[in-house]
1. For the range 226-252, enumerate the residues that are in a strand (DSSP E or B) and over 21 Å from Ser96 (Cβ atoms).
2. State all residues of the range 69-95 that are hydroxyl-bearing (Ser, Thr, Tyr) and modelled with pLDDT of 95 or more; if no residue qualifies, say none.
3. Has the range 298-311 got at least one residue that is of a type in the set (Ser, Thr, Tyr), surrounded by 15 or more Cβ atoms within 10 Å (Cβ to Cβ), in contact with a Leu (Cβ under 7 Å, 6 or more places away or on another chain) and modelled with pLDDT of 90 or more?
4. So is Val255 of a type in the set (A, V, I, L, M) and more than 30 Å from Ser106 (Cα to Cα) or not?
5. Sort through Leu288, Leu271 and tell me the only one that's surrounded by fewer than 18 Cβ atoms within 10 Å (Cβ to Cβ) and either closer than 24 Å to Asp25 by Cβ or within 20 Å of the chain's Cα centre (by Cα) (or both).
6. Applying the selection to the range 89-110, what residues are in a helix (DSSP H, G or I), small (Gly, Ala, Ser) and surrounded by fewer than 23 Cβ atoms within 10 Å (Cβ to Cβ)?
7. Tell me which residues, restricted to the range 111-134, are farther than 15 Å from Gly182 by Cα and either of a type in the set (Gly, Ala, Ser) or at pLDDT below 90 (or both).
Amino acid sequence: RLVGQPLKYGSEDGGAAEFSSTPFDEAEVIGLGSSGDHWSYMAHIEASAEGGFTPKIMGLVEYRFSSYLNAYAGYTSIFSRDLYNSLDPGRRLDHSAHSALDYAGSTGITLGGESGQVGVDGRVGPVFWLALATQGASADGMDAMGVGGTTGTLGTTATSSMTTTRTPVSLVNLADPLDYAGRIAVDLTPKVNVGALVYSGTTADASTVRAGVDFNAYVGSSTLQAVGIYDTADSAILAELGWNATVTAGPAWLVPLVRLDLTAVDGGAELAPTAGLGVMQAAGRVTLELREPFKSGSAVGAPEGRIIVDTVF
């Protein structure tokens, strides 16, 4: 998979808004396989222009006892094992920052980051469940709205108006405290599900619990998605509401999307609407994406825009 952003507009690190271009932005290779009836594995190698194209390697090994119980260990995103689209950053259709997954706050912990972890999950009828333990690095701190750069338990989140990058961290001293996460989701119907999650994290200087709910509904070719999370360390409310669809247009498909992100903390609130339109074929997708954040009713900086070329082969 190759990703490029031939045209971008926005502010980098709080500076003046300007046009820029990264024709070759990211490359990744994913391998999947199995051995016998119980073992399976995943390997993921990616490199980005922002990281100087230094390879980043992730992977996971799973042992399947039954459909009710799987055990796994690896280095991947915190909710990569989740069966739904709400919490796994790898299933995003857009490239802008997400309130629920990219917020780092005062602890520097991001739910969309990667880490070494061990866990169990499974499905019992309409109920999916997941529990895991993970160990990462201490936080360097981040401002109250989650803007800046920090190394958190699950990685580094650098959020400007144009970029959100999660740099993974490796396992550290075994004497460091573990973080824990749990997840349960229920299929109300074959096309509607609701879920809940909890994450308990500790850094060198602080600790937090993030608890939330999510919702997915699939109506025809459309998907409606909602996530709400409360962070105890900052008394922050993080919420997302999104919609996307796939519309046949001759030899291609049109993929419109709309998302609204809310970050409310310290008596202030930031509301960020995102809109995009993609043209997709089997080999990839070209997307135009626009976003403009508002804080307490006033526009913050310049609107953002980008064209993304995403090729899969």
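1. Within the range 226-252, Tyr230, Val247, Thr248, Ala249, Ala252 qualify.
2. Matches in the range 69-95: Tyr72 only.
3. No, the range 298-311 contains no residue that is of a type in the set (Ser, Thr, Tyr), surrounded by 15 or more Cβ atoms within 10 Å (Cβ to Cβ), in contact with a Leu (Cβ under 7 Å, 6 or more places away or on another chain) and modelled with pLDDT of 90 or more.
4. Judged against the criteria, Val255 is a match.
5. Only one candidate qualifies: Leu288.
6. Pass one, the range 89-110, residues in a helix (DSSP H, G or I): 89-91, 99-102.
From what's left, small (Gly, Ala, Ser): 90, 99-100.
Listed by number, the list holds a single entry, Gly90.
7. Those that are farther than 15 Å from Gly182 by Cα and either of a type in the set (Gly, Ala, Ser) or at pLDDT below 90 (or both): Gly113, Glu114, Ser115, Gly116, Gly125.
Conditions tested, residue by residue: (1) within 30 Å of Gly125 (Cβ to Cβ); (2) touching a Gly at 6+ places or on another chain (Cβ under 7 Å); (3) modelled with pLDDT under 90.
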{"residue": "Thr189", "(1), (2), (3)": "yes, no, no"}
{"residue": "Ala217", "(1), (2), (3)": "yes, no, no"}
{"residue": "Ala233", "(1), (2), (3)": "no, yes, no"}
{"residue": "Trp243", "(1), (2), (3)": "yes, no, no"}
{"residue": "Val247", "(1), (2), (3)": "no, no, no"}
{"residue": "Gln281", "(1), (2), (3)": "no, no, no"}
{"residue": "Gly284", "(1), (2), (3)": "no, no, no"}
{"residue": "Ser296", "(1), (2), (3)": "no, yes, yes"}
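The values are calculated or read from the model by the stated rules, or taken from the named source; none is laboratory data. Quick caveat, the model's predicted, so the values are computed rather than measured. In this analysis, Cβ positions are derived from the backbone assuming ideal geometry, glycine residues included, and neighbour counts consider all displayed protein chains.
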